[in-house]
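Worksheet: one structure, shown below.
The values are calculated or read from the model by the stated rules, or taken from the named source; none is laboratory data. Quick caveat: nothing in here was measured; it's all calculated off a predicted structure. Please note: Cβ atoms are built from the backbone with ideal geometry, for glycine as well, and neighbour counts cover all protein chains shown.
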């Protein structure tokens, strides 16, 4: 198995959207796992103004074949007009963990 088949997807969101987004992508088997890092401070320019927000960072693990569907689902379900969605390929990792990610994102929904 090639580790680059697995991707880590980062997505920031408001605290109130975390549970619904995480459950949606897990139920649809778009990801194997969602880590939630609460209290992330994001400072960015939006529509000509500097914004300063406290958000949560979702760290999701999936396979490359599910990236388009995951991105589409996040874009539709996310409360932001332009959500941050970044996919990073995995260069190396624990073989059993990577296999688990593939298994969880390949299985048919129950």
request  = Determine which member of the set 72, 104 is more than 22 Å from residue 15 (Cβ to Cβ) and more than 12 Å from the chain's Cα centre (by Cα).
outcome  = 104
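If we keep just the residues of segment 11-27 that are surrounded by 15 or more Cβ atoms within 10 Å (Cβ to Cβ) and touching a residue at least 60 places away in the same chain (Cβ under 8 Å), which is farthest from the chain's Cα centre (by Cα)?
The extreme case among them is 17.
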request  = Just give me the residues in segment 28-41 being buried (at least 17 other Cβ atoms within 10 Å of the Cβ) and in a loop (DSSP other than H, G, I, E, B), in sequence order.
outcome  = 29, 30, 31, 32
key: Subset of segment 44-69 (residues that are part of a strand (DSSP E or B) and over 16 Å from residue 33 (Cα atoms))   = 44, 45, 46, 49, 50, 51, 52, 53, 54, 55
query = Can you name every residue in segment 70-99 that is part of a helix (DSSP H, G or I), touching a strand residue (DSSP E or B) at 6+ places or on another chain (Cβ under 9 Å) and either without any contact (Cβ under 8 Å) to a residue 12 or more places away in the chain or more than 26 Å from residue 45 (Cα to Cα) (or both)?
reply = 97, 98
ask   = In segment 67-90, how many are in contact with a helix residue (DSSP H, G or I) (Cβ under 6 Å, 6 or more places away or on another chain) and either at pLDDT below 95 or more than 16 Å from residue 21 (Cα to Cα) (or both)?
value = 3
